[in-house]
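Note sheet for the following structure.
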Amino acid sequence: MELPKAYDPREAEEKWYSFWESNHHFEGNVNPHKKPFAIVIPPPNVTGGLHMGHALNNTLQDILIRYKRMDGYETCWFPGTDHASIAVHVLIERGLANRELDDLLTEIGYHVPKEKRPLTRHDLGREYFVKLGWAWKNRYGSRIRGQLRALGASCDWRRESFTLDEARSRAVTEVFVRLYEEGFIYRGDRLINWCPRCQTVLSDLEVEREETEGQLYYIRYPFAQGDGFVTVATTRPETMLGDTGVAVHPRDERYQELIGKFVILPLMKREIPVVADGAVDKEFGTGAVKVTPGHDQADFEIARRHGLKVISVLKPDATTNEHAGDYANLDRYEARRRVVEDLKTQGLLERVEQHVHAVGHCQRCTTVIEPLISTQWFVRMKELAEPAIQVIESGEIQFIPDRWIKVYFDWMRNIRDWPISRQLWWGHRIPAWHCQDCKAVTVVRQAPTACSQCGSANIRQDEDVLDTWFSSALWPFSVMGWPEETPEWKYFYPTQLLSTGHDIIFFWVARMIMMGLHFMKKIPFERVFFHPIVKDEHGQKMSKSKGNVIDPLEMKEKYGMDALRCTLAALCAQGKEMRLSVQDIEGYKKFLNKLWNAARFVLMNLEALTQPSGHPSPVGHDGSGAGAKRFDAASFSESGGIKTLRGEGPLEDRWILSRLSRTIMQTRASLDRYEFNQAAKGLYEFVWHDFCDWYLELVKTRLYGSAPHAQAEAQHVLHHLLTNILQLLHPFIPFITEEIWQRLPAKTTDSIIIARYPVARNEWIDEEIERTMQKLQMLITAIRTIRSEMNVPPQKQAKVFIKAEDRQVQQLVQDYKTFFQELARASEVIVGPTVERPKAAPRIVLEWAEVFVPLEGLLDLQQEHRRLRQDLEEARAGLALTLRKLDNADFLERAPEEIIEKEKRKAREFREKVQRLEQNLQLLQGS
RNA sequence: GGGCGCUUAGCUCAGCGGGAGAGCGUCCGCCUUACACGCGGAAGGCCAGAGGUUCGAAUCCUCUAGCGCCCACCA
């Protein structure tokens, strides 16, 4: 079946994806007869579209799933999306304020006000807000699903999950209740990170620190008794309103007198004690620090150690409260301005210095976070972390690349309790009910009707939802139906691989390992592959504001998804980042075009020559094989008809099959090591340079020739190669390979997706043949170089003289004269040990031969002279280096035998080349 | 303050103990009946710097410089 002249990705991609899906090829089922290979998708947030990072990670996962599927595993890729509690909040709230969600609001039956005033979530109320969340989810969740499909992701869509759906909610409740019953979850007052805009607590991980240019204020606190003062330094003067002490280092000579005394807190006129605490840095500022336990983590600890009072001076919206005295009800920055002003007026502001320090920002909305005292739910982590550290230490779970292990350990060994409650509405509501009468808390799976302590029916469910990462932590088993006893998790858990970005190693990877070990008593996955972060071509983060975003779907439109997938795989080295440019994608698009045309060529030649006689082939068929089908597709089997199986057959066949076997081995080895770039580049090299540049050119002789047997043989090899190339490439570029596969005259399976992944044949690997072929290539290249340098028109034929003493080389040239004719436009090839250089013939000198191409007209002696000199210098340098080694007694004594042999061989070759070059240069001077 | 990574051809990057590689770009020829999304040829590098280990180092170790990232309660 002939291929159209150009490949149309648009049509093919949609067609084949539906084809695979409707034939159930993506589905993974419990199958005791096969080994499972499962991947659980890192669920994309339902906060918009898929970006290049998603495209990369899902391409990699799909490559592995397709590879393993073809390799005989029972594969299952569990897809799904994440409800992304706080991230969705931020986006919805922004949308409400800008009135961009009116259509969704109408959809959920909310009465949308006519006037264009900004809406807030409080206008809607909790019920409508959650409804809006689901409407949002339906819109973006399906968008993501569509984009994953566009990518070609072969997910088992029957098993699609959402972190907030019913089954996942059951898992979340079960885990919460059990952790509570086991004493891992507690509720308490702590100093936490508070986002004044989101109005919720955040974990440390959700706070992004940013170096900020600020001021360091030196403030005098007068002694309560007698004259004098102590000066403290602070970056946040407004928080002094909540100071309950001053701290100095216990061994700071300057302040020994002060310890235990009292100072007057300026502006508030409050007496506060001076305490000694080891946490104070003598070198920083004045060595004396104000203690504000209500608004600083370190101060909170100091206060606890010394029994200092805790005063909060800020409200949840970061305005000052009644404890701020005269400064109540001000925005925090306004309060700062006034405090500083008044201190200055009172002569208590000693000086102000410029100071760079790290300021925490909300990860989702970038608002400056505020440390506040608040009542929250926490998970005690230390005990959960221990086994999770062990499984990495023991190697039960592998990290690739393994440098991330250290990062993981550092965090896990210093792990702190995890605040899991959030003052948000979109998320898993905490399964805890507070008794309005006795204040007891009831934590249960089903909504209770009465307080478990006093029996009062006056109970209210906790208002908070859980950190979005809480449900993510359960994902590897919740997607398999846990806590139900499903056959799925018994078969597919633990999965073989997690592929993700290193940016969520703490947020997600660590927590999955802890939860998996705790609830399943087993690791959640055997290996974690950390893919590189996608940057633009200059190493800049892709961002809308910078305008350097490369959108996967736009690339699909322009170049086809296969081109993007191929590029991502080819660039995916195991570094920390990947630089991607549109140019790269264009380049791999060209590779696909090359593949397409090579396939077109092969199929053309299989078809044209299978036609019965009477229909002369358009490609040089002379009809001598009258009546015989030269390519018997029906009887074709994978390796049937290939003589080289027994070490026979033409040089080029044996060579390409040897190269094929090596390529298969390399591809498998690279994929097994997650070296996607190596795998992709190896295939690129083989397909383009070995198969297209050399083999297809060489095989034309037989295809266009008149010997039917030779034709059939070539056809079988061609078919075998094309089949294997398609199979090898399919995981990387699934669409185009299927499109071609469907037109193979003897395809072995209905779809390439279930074709067997090629297995290398050791008996086909033949180093001798590869060396011989290389000689042929070198000779042909030499002739081409001369012709090109001397500007011989490509159409013009020329005689070629080859001087070679080696009988094998002579034989090789004799046997393959046609190749010289076809590939180097040689009208005649004269080879022998005593071949004389014809007059006016430029030459190229190889280690084992000299090539001359006599030219009519003028010779560019200078150019040739320069080239020969350069070659000579190189050869001499090479020779010198080798000889130095061989003259070294230590080398001869200590280097391995084969290395010494190699050096000796090199020395011989270099010496011969040097001699030949010297001779030729001499002759050149004379001519 | 700790930790990690990077520095190889004009650009983007592979290679990570035994003869310096790719893609793009550049230059020179070619519409050769699969492909101009192509074919053929060429130029271009003291592998950041300094020490060390080794018979042998772009590759391993130490230090230095520049760039980047992560973590951290110096207010």
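The values are calculated or read from the model by the stated rules, or taken from the named source; none is laboratory data. What you see is a predicted model, and the numbers here were worked out from it, not measured in a lab. When we count neighbours, we look across all protein chains shown, and the Cβ atoms used for this are built from the backbone with ideal geometry, even at glycine. What goes into the accessible areas is simple: the full protein's heavy atoms, side chains included, and nothing from ligands, DNA or RNA. Shrake-Rupley method; radii C 1.70, N 1.55, O 1.52, S 1.80 Å.
Side notes on the structure shown:
- Solvent-free Debye scattering, log10 I(q)/I(0), computed from the Cα coordinates of region A:150-213 at q = 0.16, 0.17 Å⁻¹: -0.90, -0.93
- Full extension of the chain segment joining residue A:774 with residue A:112 gains 230.7 nm, where the gain is 0.36 nm per residue of separation less the Cα-Cα distance.
- Region A:40-176: radius of gyration over Cα atoms, expressed as a fraction of 2.2 N^0.38 Å: 1.24
- Spread of Cα-to-Cα distances over 10 Å intervals beginning at zero, given as percent, for region A:716-774: 21, 46, 22, 11
- Pairwise label distance in nanometres, residue A:582 with residue A:923, each label 7 Å out on the Cα-Cβ vector: 5.4 nm
- Region A:454-572: Cα Rg divided by the 2.2 N^0.38 Å rule of thumb: 1.51
- Derived scalar couplings between HN and Hα for region A:676-689 equal 5, 5, 5, 4, 5, 6, x, 5, 4, 4, 5, 5, 6, 8 Hz in order, rounded to whole Hz, by the Karplus curve 6.51 cos²θ - 1.76 cosθ + 1.60 (θ = phi - 60°), x for Gly and Pro.
- Debye log10 I(q)/I(0) at q = 0.11, 0.15, 0.24, 0.25 Å⁻¹ for region A:518-598, Cα point scatterers: -0.40, -0.63, -1.15, -1.21
- Nitroxide proxy distance, nm - points 7 Å out along Cα→Cβ at residue A:905 and residue A:808: 0.9 nm
- Beta bridges by DSSP in chain A, antiparallel share as percent, to the nearest 5: 65 percent
- In whole percents, the pair-distance distribution calculated for region A:1-68 from its alpha-carbon pairs, binned every 10 Å from zero, is 14, 34, 37, 13, 2.
- Gap separating the Cα centres of region A:848-912 and region A:725-767, nearest whole Å: 42 Å
- Projecting the Cα atoms of A:695, A:175, A:492 onto the charge dipole of chain A (Cβ charges, centred on the Cα centre) puts A:695 farthest toward the positive pole.
- With 22 Å as the limit, the listed pairs A:544/A:590; A:775/A:902; A:15/A:556 have A:544/A:590 beyond it between alpha carbons.
- Ellipsoid equivalent to region A:469-529 - semi-axes via the Cα gyration tensor, in Å: 19, 12, 9
- Semi-axis lengths (Å, descending) of the ellipsoid that matches the C-alpha gyration tensor of region A:781-834: 21, 12, 8
- Helix-only [θ]222 nm of chain A, DSSP H runs n ≥ 4, -39500 (n - 2.57) each, per residue, nearest 500: -13500 deg cm²/dmol
- As a length-normalised measure over Cα pairs under 8 Å and 6 or more apart, the relative contact order of region A:726-771 settles at 35 percent.
- Expressed in Å, the radius of gyration and Dmax of the Cα atoms of region A:658-727 are 14.1, 47.
- Relative to its Kirkwood radius, the Cα radius of gyration of region A:230-282 gives an Rg/Rh of 0.95.
- Stokes-Einstein diffusion for chain A at 4 °C, viscosity 1.567 mPa s, with a Kirkwood radius from C-alpha pairs, works out to 38 µm²/s.
- Modelled FRET efficiency - R0 22 Å, residue A:590 with residue A:23, Cβ distances, 0.05 increments: 0.10
- Annotation note: GluC sites (Glu not before Pro) in region A:77-153 located in DSSP loop regions with a Cβ neighbour count of at most 10 within 10 Å are A:115.
- Filter on A:541/A:576; A:490/A:522; A:269/A:344; A:406/A:541 - keep pairs with C-alpha separation over 19 Å: A:406/A:541
- Phi-based couplings in Hz for region A:761-770 (Karplus 6.51, -1.76, 1.60; Gly and Pro marked x): 10, 4, 5, 8, 6, 9, 5, 4, 4, 5
- Within straight-line cross-link reach of residue A:885, aspartates and glutamates at Cα separation under 16 Å, skipping those fewer than 8 residues along the same chain: A:893, A:897, A:898, A:901, A:903, A:909
- Computed 3J(HN,Hα) for region A:160-176, one whole-Hz value per residue from the Karplus formula 6.51 cos²θ - 1.76 cosθ + 1.60 where θ = phi - 60°, is 5, 10, 9, 4, 10, 6, 4, 5, 5, 5, 4, 4, 4, 4, 4, 5, 4, glycine and proline marked x.
- Classification of region A:759-916 by its C-alpha gyration tensor yields an oblate form. The axis ratio a/c (a ≥ b ≥ c) is 1.5 or more, and b/c is at least a/b.
- Note on residue A:648 and residue A:181: their simple-model spin labels are 7.5 nm apart, each label 7 Å out from Cα toward Cβ.
- Positive-end residue, chain A charge dipole about Cα centroid, Cβ charges, pick of A:889, A:473, A:550: A:550
- For region A:309-450, average projected area of the Cα convex hull in nm²: 15.6 nm²
- Taking only Cα atoms of region A:225-347, radius of gyration then Dmax in Å: 14.0, 42
- Near the amide H of residue A:542, within less than 5 Å, lie the amide hydrogens of A:536, all on another chain or at least 5 residues away, with H placed in the peptide plane.
- Alpha-carbon spread of region A:804-879, three principal axes, descending order, Å: 35, 34, 23
- Within region A:699-735: backbone nitrogen closer than 16 Å to the residue A:748 label point (7 Å, Cα to C-beta): A:716-731
- Surface listing: A:772, A:231 arranged by accessible area from highest to lowest gives A:772, A:231, probe 1.4 Å.
- Cα-based shape type of region A:767-857, given that a ≥ b ≥ c are square roots of the gyration tensor eigenvalues and the cut on a/c is 1.5: prolate
- Contact order normalised by residue count of chain A, Cα under 8 Å, 6+ apart, percent: 12 percent
- Stretch gain in nm, segment residue A:785-residue A:863, where the contour uses 0.36 nm per residue and the Cα spacing is subtracted: 26.9 nm
- Sites residue A:461 and residue A:898, calculated FRET efficiency, Cβ-Cβ separation with R0 60 Å, nearest 0.05: 0.20
- Added length on full extension, which subtracts the Cα-Cα distance from 0.36 nm per residue, residue A:227 to residue A:353: 42.8 nm
- With DNA, RNA and ligands ignored, accessible area of residue A:759 (1.4 Å probe; Å², nearest 10): 80 Å²
- For region A:145-285, the ratio of Cα radius of gyration to the globular rule of thumb 2.2 N^0.38 Å stands at 1.78.
- Acute angle (nearest 10 degrees) that the helix A:897-926 long axis makes with the longest principal axis of chain A, alpha-carbon atoms: 60 degrees
- Filtered chymotrypsin sites (Phe, Trp or Tyr not before Pro), region A:222-300: DSSP coil and at most 12 other beta carbons within 10 Å: A:284
- Computed P(r) (all Cα pairs; region A:830-927; 5 Å bins; percent): 2, 12, 20, 19, 14, 11, 8, 6, 4, 2, 1, 0
- If both residues of a DSSP beta bridge must be in region A:795-864, then about 50% of such bridges are antiparallel.
- For region A:223-343, accessible area per residue (1.4 Å probe, heavy atoms of protein chains only), Å²: 46 Å²
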